[in-house]
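Report on the structure given below.
The values are calculated or read from the model by the stated rules, or taken from the named source; none is laboratory data. All figures in this text were calculated on a predicted structure; none of them were measured in a lab. As a convention, Cβ positions derive from the backbone with ideal geometry for all residues, glycine included, and neighbour counts pool all protein chains shown. These accessible areas exclude ligands, DNA and RNA; they are computed on the full protein's heavy atoms, side chains included. Shrake-Rupley method; radii C 1.70, N 1.55, O 1.52, S 1.80 Å.
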Amino acid sequence: MAERYLGGRPAVFDDRVKVALPPVTEDQTQVPVTVDAREIGRADEILLIADLNPFPLTLRLEPVAAAAFVALRMKIEQGTPIRAAVRQGDLWHVGGRYLDAAGGGCSVPPVIAKTTDWKSLGNTRAEIWREPEGLRLRLRITHPMDNGMIPGVPVFFIETLDVTDASGAKSVRLTLSEAVADNPTLTLLPDLPSGGDVLVIAGRNTAGMDFSARVPIPPRATASRLEERL
(Lines give C-alpha, C1' and ligand atoms only; values in the text may rest on other atoms or scores of the structure.)
Protein backbone atom coordinates (compact mmCIF):
# COMPACT_ATOMS: atom_id res chain seq x y z
CA MET A 1 0.00 0.00 0.00
CA ALA A 2 2.85 2.39 0.80
CA GLU A 3 4.53 1.78 -2.55
CA ARG A 4 1.25 2.16 -4.40
CA TYR A 5 -0.20 5.23 -2.74
CA LEU A 6 2.36 7.18 -0.69
CA GLY A 7 4.51 8.38 -3.56
CA GLY A 8 7.82 7.21 -2.15
CA ARG A 9 7.64 9.57 0.82
CA PRO A 10 8.62 8.33 4.31
CA ALA A 11 5.86 7.14 6.64
CA VAL A 12 5.57 6.61 10.38
CA PHE A 13 2.84 4.95 12.43
CA ASP A 14 1.25 7.58 14.63
CA ASP A 15 -1.37 7.01 17.34
CA ARG A 16 -2.57 10.57 16.88
CA VAL A 17 -4.15 9.49 13.59
CA LYS A 18 -7.35 7.88 14.84
CA VAL A 19 -9.64 5.63 12.81
CA ALA A 20 -13.02 4.89 14.42
CA LEU A 21 -14.93 1.80 13.27
CA PRO A 22 -18.10 0.08 14.48
CA PRO A 23 -17.61 -2.88 16.88
CA VAL A 24 -20.02 -4.95 14.77
CA THR A 25 -20.46 -4.67 11.00
CA GLU A 26 -24.13 -5.29 10.33
CA ASP A 27 -24.31 -3.97 6.76
CA GLN A 28 -21.18 -4.38 4.62
CA THR A 29 -22.52 -1.84 2.11
CA GLN A 30 -22.81 0.96 4.68
CA VAL A 31 -19.87 0.84 7.11
CA PRO A 32 -19.31 4.08 9.06
CA VAL A 33 -15.67 5.21 9.26
CA THR A 34 -14.24 8.32 10.94
CA VAL A 35 -10.71 9.64 10.49
CA ASP A 36 -9.60 12.20 13.07
CA ALA A 37 -6.03 13.52 12.89
CA ARG A 38 -6.61 16.91 14.48
CA GLU A 39 -4.02 16.14 17.17
CA ILE A 40 -1.20 16.43 14.65
CA GLY A 41 -2.40 19.83 13.43
CA ARG A 42 -3.00 20.92 9.86
CA ALA A 43 -2.53 18.39 7.07
CA ASP A 44 -1.85 18.58 3.35
CA GLU A 45 -3.57 15.36 2.35
CA ILE A 46 -5.52 12.44 3.83
CA LEU A 47 -5.87 8.99 2.29
CA LEU A 48 -8.30 6.31 3.49
CA ILE A 49 -7.11 2.83 2.51
CA ALA A 50 -8.82 -0.54 3.01
CA ASP A 51 -6.02 -3.02 2.33
CA LEU A 52 -8.08 -6.01 1.16
CA ASN A 53 -10.87 -4.21 -0.69
CA PRO A 54 -11.03 -4.52 -4.49
CA PHE A 55 -10.54 -0.73 -4.56
CA PRO A 56 -8.18 -0.09 -1.62
CA LEU A 57 -7.93 3.69 -1.97
CA THR A 58 -11.38 4.70 -0.78
CA LEU A 59 -10.95 8.45 -0.52
CA ARG A 60 -8.37 11.18 -1.03
CA LEU A 61 -8.96 14.45 0.81
CA GLU A 62 -7.11 17.75 0.57
CA PRO A 63 -8.08 19.91 3.59
CA VAL A 64 -6.97 23.20 2.06
CA ALA A 65 -8.82 25.26 4.67
CA ALA A 66 -10.22 22.60 6.97
CA ALA A 67 -9.30 20.40 9.91
CA ALA A 68 -7.77 16.96 9.39
CA PHE A 69 -11.06 15.12 9.82
CA VAL A 70 -13.57 13.21 7.70
CA ALA A 71 -16.43 10.83 8.42
CA LEU A 72 -18.16 8.72 5.77
CA ARG A 73 -19.74 5.38 4.97
CA MET A 74 -18.04 2.81 2.76
CA LYS A 75 -18.44 -0.67 1.28
CA ILE A 76 -16.38 -3.59 2.60
CA GLU A 77 -15.71 -6.77 0.63
CA GLN A 78 -14.13 -8.71 3.54
CA GLY A 79 -12.44 -8.22 6.88
CA THR A 80 -9.53 -5.84 6.34
CA PRO A 81 -7.18 -3.35 7.96
CA ILE A 82 -8.48 0.17 7.40
CA ARG A 83 -5.78 2.81 7.52
CA ALA A 84 -5.62 6.57 7.32
CA ALA A 85 -2.47 8.15 5.94
CA VAL A 86 -2.14 11.86 6.74
CA ARG A 87 0.56 13.86 4.99
CA GLN A 88 2.31 16.88 6.47
CA GLY A 89 4.92 18.10 4.01
CA ASP A 90 6.92 15.05 2.91
CA LEU A 91 6.02 12.85 5.89
CA TRP A 92 3.04 10.50 6.11
CA HIS A 93 1.51 9.79 9.53
CA VAL A 94 -0.37 6.48 9.46
CA GLY A 95 -2.99 5.09 11.83
CA GLY A 96 -5.57 2.38 11.51
CA ARG A 97 -7.59 -0.51 12.87
CA TYR A 98 -8.75 -3.93 11.73
CA LEU A 99 -12.39 -4.27 10.70
CA ASP A 100 -13.92 -7.72 11.11
CA ALA A 101 -16.65 -8.13 8.50
CA ALA A 102 -18.50 -10.99 6.80
CA GLY A 103 -17.93 -9.31 3.46
CA GLY A 104 -19.64 -9.07 0.11
CA GLY A 105 -20.34 -5.35 0.28
CA CYS A 106 -18.65 -4.67 -3.06
CA SER A 107 -19.64 -7.69 -5.16
CA VAL A 108 -22.80 -9.37 -3.84
CA PRO A 109 -25.97 -8.25 -5.69
CA PRO A 110 -28.59 -6.62 -3.44
CA VAL A 111 -31.76 -8.52 -2.58
CA ILE A 112 -33.76 -5.85 -4.44
CA ALA A 113 -32.44 -4.93 -7.89
CA LYS A 114 -30.77 -1.53 -7.99
CA THR A 115 -32.34 1.21 -10.05
CA THR A 116 -31.34 4.82 -10.55
CA ASP A 117 -33.97 7.48 -9.88
CA TRP A 118 -32.89 10.02 -12.47
CA LYS A 119 -35.33 12.61 -11.14
CA SER A 120 -33.60 12.73 -7.76
CA LEU A 121 -30.04 12.08 -8.97
CA GLY A 122 -27.76 14.62 -7.34
CA ASN A 123 -30.25 15.81 -4.73
CA THR A 124 -28.26 17.26 -1.85
CA ARG A 125 -29.16 17.54 1.81
CA ALA A 126 -26.66 19.50 3.85
CA GLU A 127 -26.39 21.08 7.28
CA ILE A 128 -23.83 23.43 8.83
CA TRP A 129 -23.10 24.06 12.51
CA ARG A 130 -20.81 26.73 13.89
CA GLU A 131 -18.20 25.36 16.29
CA PRO A 132 -15.50 27.07 18.38
CA GLU A 133 -12.77 26.36 15.82
CA GLY A 134 -14.75 26.59 12.60
CA LEU A 135 -17.69 24.84 10.97
CA ARG A 136 -19.11 21.34 10.87
CA LEU A 137 -20.61 20.39 7.51
CA ARG A 138 -22.65 17.24 7.04
CA LEU A 139 -23.93 16.40 3.58
CA ARG A 140 -25.69 13.62 1.71
CA ILE A 141 -25.96 13.35 -2.07
CA THR A 142 -28.46 11.03 -3.73
CA HIS A 143 -26.31 9.09 -6.17
CA PRO A 144 -25.35 5.43 -6.71
CA MET A 145 -21.69 4.47 -6.25
CA ASP A 146 -21.66 1.50 -8.63
CA ASN A 147 -18.30 -0.24 -9.04
CA GLY A 148 -19.01 -2.51 -12.02
CA MET A 149 -18.59 -5.73 -10.02
CA ILE A 150 -22.31 -6.59 -10.00
CA PRO A 151 -23.45 -8.11 -13.34
CA GLY A 152 -25.53 -5.73 -15.40
CA VAL A 153 -24.65 -2.67 -13.31
CA PRO A 154 -21.98 -0.47 -14.99
CA VAL A 155 -19.52 1.79 -13.22
CA PHE A 156 -21.28 5.00 -12.16
CA PHE A 157 -20.21 7.05 -9.16
CA ILE A 158 -19.24 10.52 -7.96
CA GLU A 159 -15.54 11.05 -8.64
CA THR A 160 -14.80 14.51 -7.24
CA LEU A 161 -16.37 16.76 -4.66
CA ASP A 162 -15.22 20.28 -3.79
CA VAL A 163 -16.27 22.60 -0.99
CA THR A 164 -15.55 26.30 -1.54
CA ASP A 165 -16.58 29.62 -0.07
CA ALA A 166 -18.69 32.21 -1.90
CA SER A 167 -15.64 33.64 -3.68
CA GLY A 168 -14.54 30.23 -4.97
CA ALA A 169 -11.66 29.80 -2.51
CA LYS A 170 -11.31 26.10 -1.84
CA SER A 171 -11.92 24.64 1.62
CA VAL A 172 -11.85 20.90 0.85
CA ARG A 173 -11.23 18.80 -2.24
CA LEU A 174 -12.24 15.14 -2.24
CA THR A 175 -11.58 12.37 -4.72
CA LEU A 176 -13.99 9.49 -4.13
CA SER A 177 -13.77 5.88 -5.29
CA GLU A 178 -16.18 3.05 -5.98
CA ALA A 179 -15.73 1.89 -2.38
CA VAL A 180 -17.69 4.83 -0.95
CA ALA A 181 -21.23 3.77 -0.03
CA ASP A 182 -24.25 4.65 -2.17
CA ASN A 183 -25.72 8.11 -1.55
CA PRO A 184 -22.43 9.48 -0.15
CA THR A 185 -22.78 10.86 3.35
CA LEU A 186 -19.84 12.91 4.60
CA THR A 187 -18.93 15.05 7.60
CA LEU A 188 -16.19 17.67 7.20
CA LEU A 189 -14.76 20.45 9.37
CA PRO A 190 -14.08 23.44 7.09
CA ASP A 191 -12.77 26.72 8.42
CA LEU A 192 -15.14 29.66 8.77
CA PRO A 193 -14.52 31.67 5.57
CA SER A 194 -13.34 35.24 5.95
CA GLY A 195 -16.03 36.52 3.61
CA GLY A 196 -19.44 35.41 2.45
CA ASP A 197 -22.19 33.54 4.22
CA VAL A 198 -22.40 30.32 2.20
CA LEU A 199 -20.41 27.22 1.36
CA VAL A 200 -20.67 25.81 -2.15
CA ILE A 201 -20.63 22.05 -2.79
CA ALA A 202 -19.71 21.00 -6.34
CA GLY A 203 -19.22 17.49 -7.67
CA ARG A 204 -18.77 15.52 -10.89
CA ASN A 205 -19.58 11.89 -11.63
CA THR A 206 -18.05 9.34 -14.01
CA ALA A 207 -20.57 10.31 -16.72
CA GLY A 208 -19.31 13.91 -16.67
CA MET A 209 -22.44 15.28 -14.97
CA ASP A 210 -21.82 18.28 -12.70
CA PHE A 211 -23.64 18.94 -9.42
CA SER A 212 -23.65 22.02 -7.24
CA ALA A 213 -25.44 23.37 -4.19
CA ARG A 214 -25.10 26.39 -1.89
CA VAL A 215 -25.41 25.92 1.86
CA PRO A 216 -25.95 29.03 4.03
CA ILE A 217 -23.71 29.48 7.06
CA PRO A 218 -25.78 30.18 10.20
CA PRO A 219 -25.07 33.47 11.98
CA ARG A 220 -24.85 31.91 15.43
CA ALA A 221 -24.23 28.52 17.04
CA THR A 222 -27.17 27.00 15.23
CA ALA A 223 -27.56 24.69 12.27
CA SER A 224 -28.41 25.75 8.75
CA ARG A 225 -30.14 23.15 6.61
CA LEU A 226 -30.37 22.73 2.87
CA GLU A 227 -32.43 20.34 0.80
CA GLU A 228 -31.76 21.06 -2.83
CA ARG A 229 -32.34 19.26 -6.07
CA LEU A 230 -29.31 19.77 -8.26
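Only residues that are closer than 20 Å to Lys119 by Cα and in contact with a Cys (Cβ under 7 Å, 6 or more places away or on another chain) were counted across segment 141-191, and they come to 0. Restrict the check to segment 21-35 and report whether at least one residue is open to solvent by less than 30 Å² (accessible area, probe 1.4 Å), modelled with pLDDT of 95 or more and within 23 Å of Phe157 (Cα to Cα). Within segment 21-35, one or more residues are open to solvent by less than 30 Å² (accessible area, probe 1.4 Å), modelled with pLDDT of 95 or more and within 23 Å of Phe157 (Cα to Cα).
Residues in segment 172-186 that are open to solvent by less than 10 Å² (accessible area, probe 1.4 Å) and over 15 Å from Val155 (Cβ atoms): Val172, Leu174, Ala181, Pro184, Leu186. Within segment 131-160, the set of residues being in contact with a strand residue (DSSP E or B) (Cβ under 7 Å, 6 or more places away or on another chain) and open to solvent by 70 Å² or more (accessible area, probe 1.4 Å) comprises Arg138, Arg140, Pro154, Val155, Glu159. Among the residues making up segment 79-105, those that are surrounded by 19 or more Cβ atoms within 10 Å (Cβ to Cβ) and modelled with pLDDT under 90 are Ala101, Gly105. All of Ala126, Ala169 fail the test of being in contact (Cβ under 8 Å) with a residue 60 or more places away in the chain and either open to solvent by less than 10 Å² (accessible area, probe 1.4 Å) or over 27 Å from Ala67 (Cβ atoms) (or both), apart from Ala126. Annotation: of all residues in segment 47-70 being under 12 Å from the mean Cα position of the chain (by Cα), surrounded by fewer than 23 Cβ atoms within 10 Å (Cβ to Cβ) and of a type in the set (A, V, I, L, M, F, W, C), the one that is nearest to Leu21 (Cα to Cα) is Phe69.
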